[in-house]
Amino acid sequence: MLPISSHQSPTDCTSRRTKRELRLKSRTLRNLRKGQAGRSCSGNWAKPCVSRPLLGNFEESILRGRFAPSGQIEGFTAEIGASGSYCPQHVTLPVEVTYFHISEHSAPSPFLGVIDLDGVGRKGYSVPSTGTIQVTLFNPNKTVVKMFLVTYDFKDMPVNHVTFLRHRIFLVPVQENDGENEGPHCASGGAAAKEKAKRILCYLMHLRFQRSKSGKIYLNEDIRLLFSRKSIEMDTGIPYELKSFTEAPKNPKYSPRV
């Protein structure tokens with residue numbers, strides 16, 4: 001005769017089956033609720049789930065004010081000059097500098113500097129149609145932080161049109177050649193993409209230009225700068241160097257003034 005403990009009455013089997021069915025039903029309901037919640041957030045792209053979505057990348061977001069600054073530092077100035085067919089008088093303007101407690105790729109969080117050009121003139125700072133822009137940034141101790149030099153050629157810009165230049169300075173491995181830094185073939189090469197990812201943005205300058213009705217070229221609106229809060233030191237044992245690249249709109253190169 002089997003022990004009494006091994007017998008299972010019909011009542012016991014029914015109660016266990018009922019409990020198992022209840023657990024399955026509750027689990028199914030939870031999964032359905034989760035699926036509906038996920039669809040309610042991702043199914044309606046016209047209503048983003050965050051109130052102030054970031055732009056395409058870190059750089060654009062910080063330049064356009066999508067990050068709330070952590071504070072402001074007074075006393076920065078910038079000397080602006082140009083050379084070409086003529087050399088306009090250099091001007092020194094205050095720089096509104098804010099800092100942020102954010103970082104990308106473990107790099108130090110940057111300072112954002114904004115140089116308002118309204119004080120120079122109603123149209124901005126007059127420059128030759130082709131030449132070099134020089135912007136020297138000074139800290140509150142009047143020490144040079146960085147001197148930016150950017151060449152340009154806007155002889156073919158129509159009147160009442162605008163454009164911009166974005167000048168970047170990266171810290172890159174010395175074995176990385178120029179072809180891997182820029183060019184449409186970068187996206188197709190896995191090795192090149194990895195090398196490009198090692199670049200660390202150290203400095204950036206964004207310049208806006210316009211040609212007036214009279215045909216003169218002006219730096220207008222403002223100049224925006226990104227620069228490191230402290231010197232970047234690489235502990236990887238790989239030698240690095242600074243390389244600069246300048247980009248401009250391509251299609252179209254110039255846009256009508258609004």
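A few comments on the model shown:
- Electrostatic bookkeeping for G215 treats Lys and Arg as +1 and Asp and Glu as -1; over the other residues with beta carbon under 13 Å from its beta carbon, the sum is +4.
- Sum of side-chain charges, D118 neighbourhood, beta-carbon under 9 Å (Lys, Arg +1; Asp, Glu -1): -2
- Given K146/K250; K155/K198; K123/K253; K146/K198; K142/K243, the pairs whose alpha carbons are separated by over 31 Å: K155/K198
Read the figures in this text as sums done on the coordinates, not as results from a lab. Quick caveat, the model's predicted, so the values are computed rather than measured. For neighbour counting, all protein chains shown are included, and Cβ atoms are generated from backbone atoms with ideal geometry for every residue, glycine included.
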